[in-house]
Every structure is written in C-alpha cells, then in structure tokens.
C-alpha cells in the first residue's frame, strides 16, 4: 500500500499529474451513464423485491377502510393472539438480555479452554431452521423426552402449550444480545473496569457504573433485534404450539389461521400491525446505530 | 495487556460463576435440544435413519431446497454487491432512507412476507392474472419460492460487502485507471478480489437462512409434495401427521448443513482477518 502511494504521489515524473487528473476526470465523465444505469437497476430491483410487497399489504389491509381493519383486530382471537405475542416477547427479551449479557462478558473478558466452541454454539440458533428448532423442543420436552418425562410427573405441560412456545422463541432469538455486545466490550477493553476496581469499587458498582454505560447502545441494538425476532417468530412456535385456536395462538399463528380460513381481512389487519411494529423497530435501530461507533460493528 | 483476568492466574470466583451460568445456559438451550433430536434420530439405528431419508418425498424436498437456495444465492450475490456498491460509492437523494430500508426484510415477520407475496402475485391480483395469462406461475410454484427466499435474505450480502467497500483504499483503483485500465477491468481485477471474502460470507449466511426458511415459503409455495414442498415444509407436514420418524432424517440433514456452513463461515472470517492485516 505504501509503495503504491509513493509511486503515485512522490516518485512520478512532473508531466504525469495532469495526465492522471485528466484520465480521472474522463473516468468520471464517461461513468455518468453507466452510473445512472446501475443506480436505476439497483433501485428498481429493490423497489420491486422489497417495497412493492410492503406497499401491497398496506393497501390491502385498508382497502375497505379503517373500520373493517379495526374490527378484524378487535375479535377475541386477534386480541388474545396479540397479548400472547406481547407476553412471550417480554419474557424472551428479559431472559435473553440477562443471559446474553453474562455470555457476552464471559466471551469478551475471559479466556478458557473451549471458548471458541462456546462462541460457535451461540451462533447456532441463527443457522438452524425454525421448524427444526421447534421439533427439537418437542423431542426434548415431549411425553417421552428426556426433560418432558420429568415435567410430566410434575403435571406441567411444556409442549403444545405456552411454556414450549416461550422456549422456542428464546432459542431463536438467543444470539442477538451476545453478538451485539461482545464487539463493544472487546473495543472498550478492561482498563476502566480495572481502574474502578483498584479504586475500591465493588463488582456490582463497576458493572453498573462502568461496564453497562459503555455498552448501552450495543445492548439496545441487541435488545431491539431480539424483540423483532421474538415478535415475528412463526415456524418454531407453530411446530411447538400444535396451533390450538384461541389458546395457544400468537399473532403470527393467528395470521396463518385467518388466511387458511379465508378470513383475509383478519390476516391483512394483523399483518399490517406486525409490519408497522417491525418498521418502528427498524427506525429505533437506525437511531441506535448512530451511537454505536461508525455502525460497522453492527453489520455482520 | 497486564490484566489479571486475561493472562495467567486463576479465574476469580465471580468469573467462574458467570462462566458456569453462560455454559449452563447454552448447554440447556442449545446443546441439550440438539443432542435430544440427534439421539432420537439414530435411536433405531443408522440404517433406519437412511431408510427415512431416501423416501421419495424426503429426497425431493431436500433437492428442491438446495436448488432454490442456490438460485437465490447467485442472484443475491450479484444484486447485493451492486446494491452495496451504489450505497457506498454514489450519492443520491433519499439514500439514507433506502439504506435503512435494506434491513426491512430482517425486521418483517416471515409469515407477513409470505402473505404479502401471495396477495401481490396470487391469482386474485392484477399482476398474478397478467403473469398467469402469459404462462408464468409464481404462487404455488418454484418462482415464488425463489422470490420469497430473495426477499428474506436480501440484506445479507449488502451488509457484508458495505463495510469492506467503505474501508477500501481507492489508491489502487485510481492507480489502475491512471495506468489506462478500463473500468470493468478495474472492478474485476482490483475491487472484486478484495471484496470477494465479504461476498462469500454474505452468500453463505443467505444460503444457510434459505435452507431453513419456513414462514414465507409455506405461504407462497404451499405444501404440494414432489412439486413445491421444500425441506422445512416437509418436516412440518410430517410432524403434523404425527410421523416424527419421517421428519427426523430431513431434520438431521438440515442440522448438519447448518453446522457445516457455520464452520465454513468461521474459517472464512479467520481467513479474512488474517488477510486484513
């Protein structure tokens, strides 16, 4: 790299700079049409692939006006589904934030045998098909499963009930907090924590006063991603729930059910609400992104 | 760094507690479920698992899944790289909005994606009617599967390539142009080699996601065995009809694929890191 720089800046003969400048200008000029073509192609592709379908759901949900849109959301099944989604999301976010923080601290600040392996396992839920994830929990917590047998004796049903859906949601949204907090922790280093400890702060004080403030935006980003994923999870929850109407339906399962029953307004209305919430989360993510370094730690 | 926690010395008690909690959590939530399903799969012997796997419907669903994911990944690598290029190198009105909207496919629930595509391209829509009249089936057909996969995996390649392009030194490009190289030549000889690891990383993530995608595909493709039934939909169908054995073989193949891709991604990341410095 240094060599090239030296070549183009220091060592070149006196006649070259103007020639170079000219060819660069030409490059920019004859690039204009190519540029416009590429820009146009990218925008059209993006519009067709992503924006067009999103626009369609807005139009369809509101095609008969606001009243049918709201009525479809006001049915007991719809309301129940949204409440269940809300609760499952809250539980999943709380649990994954708590354990995610501990995991991030361990992965970023400790060294031990098998750490690389643990690090790889954290990513696994992102790679596993949601259907397979749900299936795994059925096998583990089903009547004959290793843990299911045990819960059966205690009279607690996990699979085909809300606890199973919570577990499946926790599984699929597990990596986000860890993945967003680890790079921030690595960047911060340990100096400040050590200084605080040397000055006599307790572990708790150090965590609340030093560590947490420095990772807060990374954590916020991770929590937002966890929320988005928990709200929208479908496959894993469908498999685990057994889809019993009214009792174990989340918002995404409700959409599926309504669509299969030809209650299109119901499916469209619920979809628009979920899409709007996702959009809101996206805006929050954009706002948070501005605070996390140059935003490059986020895209992975 | 002379930090006692990183180098030498025994870990302190709170550190050990944290480490045990972390390992315990992953053990319970990730390792145990995978062990349970794997044990169940090989419980009646490997030959039984093989028998389950070579059922025509099972084999077809796996082949279809890999084929659709492959088509998607090729298209997405090209469009994703182009999108990243436009976002980093060009300035145009509305750019920051579009840049934010690129993540939309990750934020929208997959079932909503599926529903959107069904109403947009389905038989009742004007686009659907037009396409059917011209002999193109999208919904309940293979193009619909590719379309759904393209949608849900769109951000991967873009977001992998963008930071690399941003950090890239433009001296080399300018030197090449000064020396008289054509623009496309500069792209293929100078730019592409340095962003290739990023493209491959994004492509591998997209591929892995596509293998497991369920919500959008089950809406768009339906559940037609030997025609549009992809592997995750096949597994779901088998579980629905209380045929856990049928689901186990295909599940194990998907799980193994996830492992392999994850491993490749890790190797690729290490490789990229080594070449950065």
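Being surrounded by 12 or more Cβ atoms within 10 Å (Cβ to Cβ), more than 17 Å from residue A:182 (Cβ to Cβ) and under 33 Å from the mean Cα position of the chain (by Cα) is the filter here; which residues of region A:197-209 pass it? Talk me through it step by step, then tell me what you get.
Going through region A:197-209, the residues surrounded by 12 or more Cβ atoms within 10 Å (Cβ to Cβ) turn out to be A:197, A:201, A:203, A:205-209.
Narrowing further to those that are more than 17 Å from residue A:182 (Cβ to Cβ): A:197, A:201, A:203, A:205-206, A:208-209.
A:203, A:205, A:206, A:208, A:209 - these are the residues of region A:197-209 that are surrounded by 12 or more Cβ atoms within 10 Å (Cβ to Cβ), more than 17 Å from residue A:182 (Cβ to Cβ) and under 33 Å from the mean Cα position of the chain (by Cα).
Restricted to region A:124-158, and to residues that are surrounded by 16 or more Cβ atoms within 10 Å (Cβ to Cβ) and over 30 Å from residue B:205 (Cβ atoms), which residue is farthest from the chain's Cα centre (by Cα)?
A:152
Just one of the numbered conditions (1) touching a residue at least 12 places away in the same chain (Cβ under 8 Å); (2) assigned to a loop (DSSP other than H, G, I, E, B) is not true of residue A:112; which one?
(1)
Does residue B:115 qualify as being closer than 30 Å to residue B:193 by Cβ and either within 9 Å of another protein chain (Cβ to nearest Cβ) or crowded, with 18+ Cβ neighbours inside 10 Å (or both)?
So residue B:115 fails the test.
Being modelled with pLDDT under 85 and within 9 Å of another protein chain (Cβ to nearest Cβ) is the filter here, so list the residues in region A:133-143 that pass it.
Within region A:133-143, no residue meets the criteria.
Has region B:232-253 got any residue that is in contact with a helix residue (DSSP H, G or I) (Cβ under 6 Å, 6 or more places away or on another chain), part of a loop (DSSP other than H, G, I, E, B) and surrounded by fewer than 19 Cβ atoms within 10 Å (Cβ to Cβ)?
There is no residue in region B:232-253 that is in contact with a helix residue (DSSP H, G or I) (Cβ under 6 Å, 6 or more places away or on another chain), part of a loop (DSSP other than H, G, I, E, B) and surrounded by fewer than 19 Cβ atoms within 10 Å (Cβ to Cβ).
Quickly run through region A:190-213 and pick out the residues that are under 19 Å from residue A:110 (Cβ atoms) and touching a residue at least 12 places away in the same chain (Cβ under 8 Å).
A:190, A:192, A:193, A:196, A:206, A:210, A:211, listed by residue number.
Among the residues of region B:254-273, write down those that are crowded, with 21+ Cβ neighbours inside 10 Å and either more than 8 Å from chain A (Cβ to nearest Cβ) or touching a strand residue (DSSP E or B) at 6+ places or on another chain (Cβ under 7 Å) (or both).
B:257 - this is the single residue of region B:254-273 that is crowded, with 21+ Cβ neighbours inside 10 Å and either more than 8 Å from chain A (Cβ to nearest Cβ) or touching a strand residue (DSSP E or B) at 6+ places or on another chain (Cβ under 7 Å) (or both).
Please pick out the residue among B:91, B:13 that is within 11 Å of another protein chain (Cβ to nearest Cβ), under 30 Å from residue A:278 (Cα atoms), out of contact with any strand residue (DSSP E or B) (no Cβ under 7 Å at 6 or more places or on another chain) and exposed (fewer than 14 other Cβ atoms within 10 Å of the Cβ).
Numbers: B:13 fails: under 30 Å from residue A:278 (Cα atoms).
When all the criteria are applied, what remains is B:91.
For every residue, the table says whether it meets (1) at pLDDT 95 or above; (2) surrounded by fewer than 21 Cβ atoms within 10 Å (Cβ to Cβ); (3) within 28 Å of residue B:156 (Cβ to Cβ); (4) out of contact with any strand residue (DSSP E or B) (no Cβ under 6 Å at 6 or more places or on another chain).
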| position | (1), (2), (3), (4) |
| --- | --- |
| B:22 | yes, no, yes, yes |
| B:39 | no, yes, no, yes |
| B:42 | no, yes, no, yes |
| B:46 | no, yes, no, yes |
| B:49 | no, yes, no, yes |
| B:57 | no, yes, no, yes |
| B:63 | yes, yes, yes, yes |
| B:67 | yes, yes, yes, yes |
| B:84 | yes, no, yes, yes |
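Going through region B:164-197 one residue at a time, which ones are at the interface with chain A (Cβ under 10 Å from one of its Cβ atoms) and either within 30 Å of residue A:239 (Cα to Cα) or under 25 Å from the mean Cα position of the chain (by Cα) (or both)?
Within region B:164-197, B:164, B:166, B:167 qualify.
State yes or no: is residue A:89 under 19 Å from the mean Cα position of the chain (by Cα), within 11 Å of another protein chain (Cβ to nearest Cβ) and farther than 20 Å from residue B:15 by Cα?
No, not satisfied.
Looking for whichever is on the phi < 0 side of the Ramachandran plot, in a helix (DSSP H, G or I) and buried (at least 19 other Cβ atoms within 10 Å of the Cβ) here; the options are B:78, B:26. Which one fits?
B:26
Given the conditions (1) away from chain A (no Cβ under 12 Å); (2) assigned to a helix (DSSP H, G or I); (3) over 22 Å from the mean Cα position of the chain (by Cα), which single one is not true for residue B:44?
Every listed condition holds for residue B:44 apart from (2).
The values are calculated or read from the model by the stated rules, or taken from the named source; none is laboratory data. Nothing here was measured: the structure is a model prediction, and the numbers come from that model. For neighbour counting, all protein chains shown are included, and Cβ atoms are generated from backbone atoms with ideal geometry for every residue, glycine included.
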